[in-house]
Amino acid sequence: MSPFDSLSLKVHKDAVAGWVLSFQAHPRSKSDLGNGQFYGFHGSRSSQFPSKDNAIFIQNGSHLASTYCALAILKIVGYNLSNIDSASMLTSMRSLQQSDGSFMPIHIGAERDLRFLYCAAAICFMLNNWNGMDREKAKEYILNCQSYDGGFGLTPGSESHGGAAYCAIASLRLMGFIGDDCLSNASALSSKANIQSLLDWSLQRQVADGGIQGRPNKASDTCYAFWIGATMGTLGANKFIDERGLRSFLLTCQSEYGGFGKFPKELPDLYHSYYGLAAFSILGEAGLKPLCLELGLTEGAATGL
Amino acid sequence: MHGRPRTAPKPEDAAASAAKAQKLRALQSQFLSYHHDRIYTKEALDTSAKLLEINPEYYTAWNYRKLAVEHNVKESESSPESVKSIFDEELKVVENALRQNFKSYGAWHHRKWVLSKGHSSLDHELRLLDRFQKADPRNFHAWNYRRFVAALLGRSVEDELQYTEDLIGNNFSNYSAWHNRSMLLSEILKKKEQESYSQDTISKEYEFVLNALYTDPDDQSGWFYHHWLLDQTSKAKAPLLVSSWPVPGSELVVSGNVSLGDHPLSSFSKVTVALERFPVVLYFNQTVEGVNSSTVAIQCTFVQNEDVTWKPFSPQNSWASKVWVGYLDLSGVDHHSSAPHTVEVKLGHHKGIMSSNGLQLSVPFDLSFRVSVKPLETQSSKDEKLVWEEDKFYACEMPIPCLCYDGISVGNKYEPTTSDWQIGTIAEEISQIRNLLAISDSKIGKITLARLLMAHDVMSSPYATKTVHAEEVLGLYSELMKLDPSHSQYYKDERSLVLLQQLLSSGGTLLKHCFYYGGITSSSTHGPICLRLNNQSISRMGAFDKLLWVQMLDLSDNELHSIEVLRASNHWLSTLTRRMCDLATETILVLRLNRVKML
């Protein structure tokens, strides 16, 4: 877990990198690249099974979310991404982008929403190559996801949601549409997106118990401390969070076994532990490395330094 | 499953779950084999159904079923009943999967896919949705699906509105129902029926939401909806010029090293950058595009209008901004003559400057100022020493140069775009919310009232010169800081912006804060005018449009609380300073940020 300074957990970086790389889907030849399939990473062996007619060739079950995770893990263990065949990955990723700018996560078909757009943006950012997507179209889709109350939904017309807000703002930041002057009225983004409303909506997500909820009138949940916290941080509005309140709420979600659960007194799970720690990093907790908010990784992992 | 509380496993459970995992793996490889071989028999389909019941997120299985459906439908082309039963079977599988996880993206997506094939009964879907609504009124998958089904059914907006009304009536905090209502209202308003119909609709909504606000003044749902109604009431306003630099009517002396052929830059430039071009800044009330030499005419002796390039001030955008800068090339000026040149700037006479809402700037603005140029003299290239002494401030008696731009528009042709209905509605809401706050201390209610009061002021005067309600708004933010201390920083910042508007909007108030500063040693005149905004509890800077004319700004003893904030708000002033510093420091154009003491 990268935010820890001393890796008291023995993580065998090469072994991890090797295992992750074994999930990569490779085109058989250059002509394969035009066949509409996405050549990224599988999520697990379940979707990776050999073709009957050719025992070596593996069916392509690459998924955008697994690809984002794979690249993020590789960055965390310090693997040099220039060793990857990113050209095929990015060229083939274009066929996942829809005419409205959104992304489908797999070529065989699935629902499309902001989650996968975020994955695509993060992939391009980590590979430092925007050939994989049309950023302008993606931005349009994101702006269409802003809801009546200033928040963002996962699809146009959907109810505002903390996770969607993160996907929207982090994607815009990754794609270069959000500068450091976002809060000022003169910022370019404020002419198309209602940043003030988004800020108001996000601010109201921190509730009386100090925790942060994902939607109005829902219970505070550990992970939204990151989804909303990082959204506000990206907008430069961190100072508006009641840090003391949030910190004390998060501590009630920490289990006696270590790690964090979703709600106070719940057993921990990996997902809430990761985002709980990430939230503490945003809060400036001593001993935790600073985060690259828009990637959800430490700055060190993100920049490779 | 996400959201289920966890409990520690017992040893006998561990064995059971190991057996289950083994069974699952067998099922999975059997399934993959069918999928691979494209076998779509009943037995094969049953395998996939079993898998999906255990794990509805297994999207490969959903896609397999789509392929199976397409294949089997083709096979039974002749019999519509068997086609329908194929799709009905899919719906059953989805329902089973949803029972395991009513938030499964894959399951809902598959149901949508089935429905869009057009062979299934839609009435059943509404009944299904009712069941989901009762189980969890905030399930956004179900709500998205409802919108999809309503569209397929061609259900009237009014019927759906009634549905949300019933739900909200049962439970005012059903935020998802309010959200749906906003979607439906947007549809109605978009149809652009008669103005009076839209107005009636919005007025009725205000009444409806007020009931919710009175029932539970602390619940966010009604307030966010109310805020949205306020946005619908305000509508887009036409773009206007609200500020500019140089200040209209001013006399500028520009000195510096103008590069003249055989005079190398290095022999002069010590303090200033070589002067080549003179900036003209236009500040609008909203982001606009289309500012160029066809839409803005510069008339002066030393520059051709077509040679002036206008650029947006915003770094991230190359075609739209609230602020635009055009540069006048000064190399054509005769430097041996110090006679002033009149520069006229005219805009709004030709179409082209447009807001992002598509509204044209249609009010003409004519400004002029005078510029004289003289080369930089060696003695004035000494560094100016700024000595900061409190007793070196002298009260300003002369009137401040032009601040209010409604004097600039040609013939005061401005016609207000706000209607009586709009102002009347806002006034009515102000009264209602004040009543509500008399009986309840709702923080979100106070925020709403503050917004309403500011909106009313803006509507009453487009150049934001009237700040009738500023005092009341400042009071509200002070109350909020006490009522909701965990968000006090936010309220302080909002309060600062309102305060700045109040201080900078009226000539009378402004004058009280303006002083001549006699502390610059080389100055021979009164000294520059310093705007003193010290000790005002300002935590955030704003109203930059009203600060363009400022020569010195004193922000000491405020609460600008971090370097970042200062940098961000300073970005404005310092960038302008950099631009002004293209000109010599000796002139009255100097814009410097004075020492800011941070607490």
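The values are calculated or read from the model by the stated rules, or taken from the named source; none is laboratory data. Note that the structure is predicted; figures quoted are calculated from it, not measured. When we count neighbours, we look across all protein chains shown, and the Cβ atoms used for this are built from the backbone with ideal geometry, even at glycine. Quick note on the areas: whole protein, heavy atoms, side chains included, nothing else; ligands and nucleic acids left out. Shrake-Rupley method; radii C 1.70, N 1.55, O 1.52, S 1.80 Å.
Given the criteria touching a His at 6+ places or on another chain (Cβ under 8 Å), within 12 Å of chain B (Cβ to nearest Cβ) and assigned to a loop (DSSP other than H, G, I, E, B), does A:GLY43 qualify?
So A:GLY43 fits the description; yes.
Starting from segment B:500-512, keep only residues that are over 19 Å from B:LEU474 (Cα atoms), then list their pairs with residues that are loosely packed, with under 13 Cβ neighbours inside 10 Å and not charged (D, E, K, R) whose Cβ atoms are within a distance under 8 Å, requiring at least 6 positions of separation or different chains.
Pairs found: B:GLY507/B:PRO399; B:LEU511/B:PRO399.
Please go through segment B:210-247 and give me each residue that is surrounded by 18 or more Cβ atoms within 10 Å (Cβ to Cβ) and among the hydroxyl-bearing types (Ser, Thr, Tyr), ordered by number.
Residues satisfying the conditions are B:SER221, B:TYR225, B:THR233, B:SER243, B:SER244.
Against the condition touching a Leu at 6+ places or on another chain (Cβ under 8 Å), hydrophobic (A, V, I, L, M, F, W, C) and over 28 Å from B:MET183 (Cα atoms), how does B:ALA142 come out, does it pass?
no
Six or more apart or on different chains, Cβ under 6 Å: which pairs go from a residue in segment B:24-51 that's under 14 Å from A:SER47 (Cβ atoms) to one that's open to solvent by 60 Å² or more (accessible area, probe 1.4 Å)? Could you list them?
Taking only residues 6 or more apart or on different chains, the pairs are B:HIS36/A:LYS52.
With the structure loaded, tell me whether A:CYS182 is surrounded by 22 or more Cβ atoms within 10 Å (Cβ to Cβ), in contact (Cβ under 8 Å) with a residue 12 or more places away in the chain and under 23 Å from A:HIS63 (Cβ atoms) or whether it fails that test.
Answer is no for this residue.
If you take the residues in segment A:64-78 that are out of contact with any strand residue (DSSP E or B) (no Cβ under 7 Å at 6 or more places or on another chain) and at pLDDT below 95, which one is surrounded by the fewest Cβ atoms within 10 Å (Cβ to Cβ)?
The qualifying residue surrounded by the fewest Cβ atoms within 10 Å (Cβ to Cβ) is A:GLY78.
How many residues are in a loop (DSSP other than H, G, I, E, B), within 15 Å of A:ASP32 (Cβ to Cβ) and small (Gly, Ala, Ser) if we restrict to segment A:77-94?
0
Restricting attention to segment B:118-151, report how many residues are away from chain A (no Cβ under 14 Å) and either over 28 Å from A:LYS218 (Cα atoms) or open to solvent by 40 Å² or more (accessible area, probe 1.4 Å) (or both).
Counting residues in segment B:118-151 that are away from chain A (no Cβ under 14 Å) and either over 28 Å from A:LYS218 (Cα atoms) or open to solvent by 40 Å² or more (accessible area, probe 1.4 Å) (or both) gives 12.
Among the residues of segment B:78-94, is there at least one that is open to solvent by 40 Å² or more (accessible area, probe 1.4 Å) and within 14 Å of chain A (Cβ to nearest Cβ)?
Checked against the condition, which is being open to solvent by 40 Å² or more (accessible area, probe 1.4 Å) and within 14 Å of chain A (Cβ to nearest Cβ), segment B:78-94 yields no hits at all.
Got a number for residues in segment A:99-138 being under 14 Å from A:LEU64 (Cβ atoms), more than 14 Å from every other protein chain (Cβ to nearest Cβ) and open to solvent by 30 Å² or more (accessible area, probe 1.4 Å)?
1
Among the residues of segment B:192-230, what is the count of those that are within 14 Å of another protein chain (Cβ to nearest Cβ), touching a residue at least 60 places away in the same chain (Cβ under 8 Å) and not aromatic (Phe, Trp, Tyr)?
The qualifying residues number 6.
What residue, of A:THR252, A:THR222, is more than 10 Å from every other protein chain (Cβ to nearest Cβ), touching a Cys at 6+ places or on another chain (Cβ under 7 Å) and within 16 Å of A:GLU266 (Cβ to Cβ)?
Within the list A:THR252, A:THR222, the selection yields A:THR222.
All but one of (1) over 19 Å from A:LEU297 (Cβ atoms); (2) at pLDDT below 65 hold for A:ASP5; which doesn't?
Evaluating A:ASP5 over (1) over 19 Å from A:LEU297 (Cβ atoms); (2) at pLDDT below 65 leaves (1) as the failure.
Find the residue count for segment A:138-170, including only residues that are more than 14 Å from B:PHE140 (Cα to Cα), out of contact with any strand residue (DSSP E or B) (no Cβ under 8 Å at 6 or more places or on another chain) and of a type outside the set (A, V, I, L, M).
Number satisfying all stated conditions: 9.
Give me the pairs: first residue in segment A:107-125 and free of Cβ contacts under 8 Å to residues at least 12 places away in the same chain, second residue surrounded by fewer than 24 Cβ atoms within 10 Å (Cβ to Cβ) and among the basic types (Lys, Arg), beta-carbon distance under 8 Å, and six or more apart or on different chains, which are they?
Every condition considered, the pairs that remain are A:GLY109/B:LYS66.
Quick check on my filter: what residues within segment B:41-55 are more than 13 Å from every other protein chain (Cβ to nearest Cβ) and out of contact with any Leu (no Cβ under 7 Å at 6 or more places or on another chain)?
B:THR41, B:LYS42, B:GLU43, B:ALA44, B:LEU45, B:ASP46, B:SER48, B:ALA49, B:LEU52, B:GLU53, listed by residue number.
Being open to solvent by less than 40 Å² (accessible area, probe 1.4 Å) and touching a residue at least 24 places away in the same chain (Cβ under 8 Å) is the filter here; which residues of segment B:52-68 pass it?
Answer for segment B:52-68, where residues must be open to solvent by less than 40 Å² (accessible area, probe 1.4 Å) and touching a residue at least 24 places away in the same chain (Cβ under 8 Å): B:LEU52, B:PRO56, B:TYR58, B:THR60, B:ALA61, B:TRP62, B:TYR64, B:ARG65, B:LYS66, B:ALA68.
Among the residues of segment A:285-305, how many are open to solvent by 20 Å² or more (accessible area, probe 1.4 Å) and at positive phi?
Final tally of qualifying residues: 2.
From the residues in segment A:82-98 that are without any contact (Cβ under 8 Å) to a residue 60 or more places away in the chain, surrounded by fewer than 22 Cβ atoms within 10 Å (Cβ to Cβ) and of a type in the set (A, V, I, L, M), which one is nearest to A:LEU114 (Cα to Cα)?
Per the stated criteria, the residue is A:LEU90.
Specify the residue that is nearest to the other protein chains (Cβ to nearest Cβ); the eligible residues are those in segment B:290-302 that are aliphatic (A, V, I, L, M) and either open to solvent by less than 20 Å² (accessible area, probe 1.4 Å) or within 24 Å of the chain's Cα centre (by Cα) (or both).
B:VAL291
Are there any pairs, at least 6 apart or on different chains, whose C-beta atoms fall under 7 Å, with the first in segment A:152-171 and farther than 18 Å from B:ARG146 by Cα and away from chain B (no Cβ under 14 Å) and the second among the polar types (S, T, N, Q) and not in a loop (DSSP other than H, G, I, E, B), and if so, which?
The qualifying pairs are A:TYR166/A:THR231; A:ILE169/A:THR231; A:ILE169/A:THR234; A:ALA170/A:THR234.
Of the residues that sit in segment B:161-180 and are within 13 Å of chain A (Cβ to nearest Cβ) and without any contact (Cβ under 8 Å) to a residue 40 or more places away in the chain, which one is farthest from A:GLU159 (Cα to Cα)?
The extreme case among them is B:ASN171.
Taking segment B:56-69, which residues are within 12 Å of chain A (Cβ to nearest Cβ) and either β-branched (Val, Ile, Thr) or more than 46 Å from the chain's Cα centre (by Cα) (or both)?
B:THR60
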